[in-house]
Amino acid sequence: MSIAPAPEHADQPRFVRPPPPALRHDCALFLDIDGTLAELASVPEAVRVDQELVRSLPRIMRDLGGALALVTGRAITSADRLFPGLTLPMAGQHGCERRDAAGSIHLHAPHRKTQARLRKLLRRLARRHPQLLLEDKGAALALHYRALPDLAPQLYRAVRRSLREDDGYSLQPGKLLIEVKPHEFDKGTAINDFMAETPFAGRLPVFVGDDLTDEDGFASVERLGGWTVKVGGGRTRAQYRLPDVGAVIRWLLAPIHDAPARGSATSATTLPRS
């Protein structure tokens, strides 16, 4: 059993993260969905993505040579419903499932006995508190407590007590939800898998996300020398920040620039976390 830590933050001066540079034709772009491309909603089914952005994604993808992928905690089938008519490269359930640029699906089987035990626990909690929402994604399970935020400490205690060191599952905090998922996979491993494949390989990785679950992706992109963009407030390891979903959409719809001449700097300066 493992528990994903919050970003580290020693006592240090606070730095204001600048907005990211304009996208370039040599970028490989990775995008979270909920809280990044779409405003959060009371239930996952109520989330809607701006239609101008949906219509623009094929053009953005062409300008990036096909190197655009969604990296989400949702199941791929759930995320696809937000982008009708499109079949985008995508990592779902924090990398437990992945659709590559050729359309092939890569699935990682969950630990069945552990998953069944955790599903039983979360169902019992949801029955006890009907305002909780259990989201069964397949390999990962999420319990949304947006309607009962004061219940969070009790929920975390219950799940921690149920997890064991050899379970192969980890507890992942999120925005008003608690999630359990196979610990071998996260958004960082998903991005690494994409970056080893055509058309992403050899490009400058850029990852945009808003939640604690995105910090693993930020760490992987940093190691690859790319750009990391945090959406909204909160401490983060990301180099850049955009204030909200609207700012993300405006940044994505802006013209994409040519790559700098060979030998120019291609990575961002790492700042202290804040």
Query raised in the report: How large is the accessible surface per residue of the chain, computed with a 1.4 Å probe and reported in Å² as a whole number?
Result: 46
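Loop by DSSP (not H, G, I, E, B), at most 14 other beta-carbon atoms within 10 Å: where is the longest site-free stretch of the chain for trypsin sites (Lys or Arg not before Pro)?
Details: sites that count: Arg14, Arg48, Arg81, Arg164, Arg262.
Counting at most 14 other Cβ atoms within 10 Å as exposed, the longest clean stretch of the chain is 165-261.
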Report summary line: Between Glu197 and Phe15, the two model label points (7 Å from Cα along the beta-carbon direction) sit apart by a distance in nm of 3.4
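Given a 1.4 Å probe and every protein chain left where it sits, what share in percent of the accessible area of region 81-128 is carbon and sulfur? Show your work: numbers first, answer last.
Numbers: 1330 of 2610 Å².
Answer for region 81-128 is 51 percent, counting heavy atoms of protein chains only.
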Query raised in the report: Just how large is the dipole of the chain about the Cα centre, in debye to the nearest 20, putting +1 at every Lys and Arg Cβ and -1 at every Asp and Glu Cβ?
Result: 760
Query raised in the report: In this model, which of Lys113/Lys175; Lys120/Lys187; Lys137/Lys181; Lys181/Lys230 are farther than 18 Å apart at the alpha-carbon?
Result: Lys113/Lys175; Lys120/Lys187; Lys181/Lys230
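Taking the Cα centre as origin and putting +1 on Lys and Arg beta-carbons and -1 on Asp and Glu beta-carbons, what dipole magnitude results for region 91-213, to the nearest 20 debye?
Using Cβ point charges on Lys, Arg, Asp and Glu, region 91-213 gives about 800 debye.
Rounded to the nearest 20 debye, what is the charge dipole size of region 141-274 about its Cα centre when +1 sits on each Lys and Arg Cβ and -1 on each Asp and Glu Cβ?
The calculated dipole for region 141-274 is roughly 420 debye.
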Requested in this report: Could you point to the residue in Ala261, Thr189, Ile249 farthest towards the positive end of region 155-274's charge dipole, with +1 and -1 charges on the Cβ of Lys/Arg and Asp/Glu respectively?
Outcome: Ile249
Query - Residue (of Gln172, Ala152, Ala139) at the positive-pole extreme of region 107-188, dipole from beta-carbon charges - result: Ala152
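Helix-derived [θ] at 222 nm for the chain: sum -39500 (n - 2.57) over DSSP H runs of at least 4, divide by residue count, nearest 500? Mind dumping the intermediate values first?
Values: 7 runs with 73 residues, N = 274.
Result for the chain: -8000 deg cm²/dmol, rounded to the nearest 500.
Report in % the part of the accessible area of region 130-222 that belongs to carbon and sulfur, leaving out ligands and nucleic acids; probe 1.4 Å.
On the way: 1730 of 3500 Å².
On region 130-222, the fraction of accessible area on carbon and sulfur atoms equals 49 percent.
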Query raised in the report: Relative to the longest principal Cα axis of the chain, at what angle does helix 51-63 sit, 0 to 90 degrees, rounded to 10?
Result: 50
Report task. For Gln51 and Thr87, calculate 0.36 nm times their separation in residues minus their Cα-Cα distance, and state this gained length in nm to one decimal. Result -> 11.4 nm
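The values are calculated or read from the model by the stated rules, or taken from the named source; none is laboratory data. Quick caveat, the model's predicted, so the values are computed rather than measured. As a convention, Cβ positions derive from the backbone with ideal geometry for all residues, glycine included, and neighbour counts pool all protein chains shown. Just the protein is used for accessible areas: all its heavy atoms, side chains included, with ligands, DNA and RNA removed. Shrake-Rupley method; radii C 1.70, N 1.55, O 1.52, S 1.80 Å.
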